[in-house]
Amino acid sequence: VDHAESKRRFLDVTIDKNPYLTHFKRTNGKQLAFLALTGREAFYGGAAGGGKSIALLAAALQFIQVPGYSALIIRRTYADLSRAGALLDRAAEWLSQTDAKYDSQRHRWSIPDGGILEFAYLATETDKYNLQSTEYQYVGWDELTHFEESQYLYLFSRMRRLAGVDIPLRMRSASNPGGIGHQWVRKRFIVDKVCPFVPAKLDDNPELDHASYRGGLAMLPAVERMRLEHGDWDIATESS
C-alpha cells in the first residue's frame, strides 16, 4: 500500500468512522495533513484563523474509542479554555450528543469502554508538576508560544503506553507567532525543524468569513499583523 493510500485509510478509520468526530468537517486540507501524522511530535499553524484549536481537538479524539486511551489538551489559563467558543465549549458541542460523560470538576470527558479527554492549564512554571503522576498517549498544546520550553519538554515524561498497545504516542502543538515563547518555538519548529510543521493560514480555513477577519487584523500594529495574518515567524522587534 502506498503512503497516500495508507494515510487515507488512517483518516477513514480515525475520523470518518469515528462517532465522536461527526461534527468535524473535512474541508481544511492542512488540518487533514496534520491529523494524518503519526510520529511523536508535530506542530501546526502560524497565521490566525487557520483552525488550530479544532485540529488539536480532532487529533485528541482520533483514538478516544480505544480502552485505556488518555488525551490531554493544555492552555495557559482556565480563562483560555473556558471563554465562549474556546476548547471546552467546542468539546461540549461535539460530545454532548454522544454517550460521552463530562466531569466538570476534572474538566474531563470519558467514553464508556473507551478513553478519556482531559483539559488542563499551566498558569505557572511549577504547575507542570500537578501532572507528575499522570500518563497520556496524546498531549496537545493550544497557543504554544504562551508557554516556556521547560513546560513543554516536561510533558514528554508523561507520555507512555502499555506494552502491546497499538496507539501512537503524540505530542501535538499549535500556535501563532509572538508571545513569551516565540523565540524557542521558532527555533525548535521553524529553524531546527525537529518535527513536521504544517503551516496554516486563514485562506486554508473555509469555515470563517475571511473578509471580516482580515478587517479586524488590519487594525493591528504592523509586526503583530504580519505575525497573525501571514504567520510570519521572522519579523521581530527589539523587545522580542
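Within the stretch 1-56, the set of residues being part of a helix (DSSP H, G or I), open to solvent by 40 Å² or more (accessible area, probe 1.4 Å) and in contact with a strand residue (DSSP E or B) (Cβ under 7 Å, 6 or more places away or on another chain) comprises LYS30, ALA33, SER53.
Does LEU61 satisfy being under 15 Å from ILE111 (Cβ atoms) and out of contact with any helix residue (DSSP H, G or I) (no Cβ under 6 Å at 6 or more places or on another chain)? Against the criterion (under 15 Å from ILE111 (Cβ atoms) and out of contact with any helix residue (DSSP H, G or I) (no Cβ under 6 Å at 6 or more places or on another chain)), LEU61 qualifies.
In the stretch 102-117, is there at least one residue being at positive phi and of a type in the set (Gly, Ala, Ser)? Spell out the reasoning first.
In the first step, residues of the stretch 102-117 are kept if they are at positive phi; the result is 107, 113.
With the extra rule that they be of a type in the set (Gly, Ala, Ser), the set shrinks to none.
No, the stretch 102-117 has no match at all.
Scanning the stretch 72-99 for residues that are farther than 15 Å from GLU143 by Cβ, in a helix (DSSP H, G or I) and out of contact with any strand residue (DSSP E or B) (no Cβ under 8 Å at 6 or more places or on another chain) turns up ASP89, GLU93, TRP94. Scanning the stretch 131-144 for residues that are within 14 Å of THR77 (Cβ to Cβ) and either open to solvent by less than 10 Å² (accessible area, probe 1.4 Å) or modelled with pLDDT under 95 (or both) returns TRP141, ASP142. For the stretch 57-72, the tally of residues that are more than 17 Å from HIS23 (Cβ to Cβ) and open to solvent by 10 Å² or more (accessible area, probe 1.4 Å) stands at 5.
The values are calculated or read from the model by the stated rules, or taken from the named source; none is laboratory data. Bear in mind that the values here come from a model prediction, so they are computed numbers and not experimental data. When we count neighbours, we look across all protein chains shown, and the Cβ atoms used for this are built from the backbone with ideal geometry, even at glycine. Only protein heavy atoms, including side chains, enter the accessible area calculation; ligands, DNA and RNA are left aside. Shrake-Rupley method; radii C 1.70, N 1.55, O 1.52, S 1.80 Å.
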